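Notes to accompany the following structure.
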Amino acid sequence: MRLSSIIIPIFVLGTVLYGLFKKVDVFNTFIEGAKENILVGFDILPTLVALMLAVSMLRASGALNALTSLISPITSFLGLPAECVPLALMRPVSGSGALSLLEGILSEHSPDSYIGRVASVLLGSTETTFYTIAVYFGATKVKKTRHTLPSALAGDFAAFILSALTVRLFLGH
């Protein structure tokens, strides 16, 4: 038996034993925590539905392709392959949408191609910024994102550019 297959049961057992040692009603504490988390799920559900609707509309309307064409001169100057631009635009909005685009890129260009490598590094080095802000700020009831969004998008932009540069430097073109 491998340690990886028993680590979670060991952790759960350790937590229960620690709770019993500290004289905590482990079951009721677990139930209370589960209730709180279900309520948090209900609180953020409308935000998630709106975000998924926006992503679906962006892809279905052709706006993603239009935006890609519009900014392609800038991205080609920066060294980002044109095939990776839709992925760079989708990633801050939707992880599943970005993963779907990555699958298409890898199917068309292979994972070992320059484009496939840039797309893989890009996906791995960026965050689903809008989703993360919606979920975490929604769960904590924070209304003013202040500097969070510009900072996170600046980080994503840097990762877009550096993904192409990094692949070129370490793996060649």
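Which angle between 0 and 90 degrees, to the nearest 10, do you get for helix 129-139 versus the longest principal axis of the chain when only C-alpha atoms count?
Taking the Cα atoms of the chain, the angle to 129-139 is about 20 degrees.
Let me know the longest stretch in the chain that avoids all trypsin sites (Lys or Arg not before Pro) found in a DSSP loop with at most 12 other C-beta atoms within 10 Å.
Numbers: sites that count: 2, 22, 23, 141, 143, 144, 146.
Counting at most 12 other Cβ atoms within 10 Å as exposed, the longest clean stretch of the chain is 24-140.
Which value in deg cm²/dmol, rounded to the nearest 500, describes the helix-derived mean residue ellipticity at 222 nm for the chain, given -39,500 (n - 2.57) per DSSP H run of n ≥ 4 and division by the residue count? Write down the numbers at each step before the final one.
Numbers: 8 runs with 138 residues, N = 173.
Result for the chain, helices only: -27000 deg cm²/dmol.
Using Cα atoms only, what is the angle between the long axis of helix 114-124 and the major principal axis of the chain, expressed in degrees (0 to 90) to the nearest 10?
That works out to roughly 30 degrees.
Modelling each spin label as a point 7 Å along the Cα-to-Cβ direction, I'd like the residue 146/residue 82 distance in nm, to one decimal.
My value for the distance between the label points is 4.3 nm.
Using only the alpha-carbon atoms, how far is helix 148-171 inclined from the longest principal axis of the chain? Give it as 0 to 90 degrees, nearest 10.
60 degrees
Could you calculate, for segment 45-171, the ratio of the Cα radius of gyration to the Kirkwood radius, expressed as Rg to Rh? Intermediate values should be presented prior to the final figure.
Working: Rg = 15.0 Å, Rh = 15.2 Å.
That ratio is 0.99, to two decimals.
No value in this document is a laboratory result; all are computed from the given coordinates. Treat the numbers as computed from the prediction; the structure is a model and nothing was measured. Cβ atoms come from the backbone with ideal geometry, glycine included; neighbour counts cover every protein chain shown.
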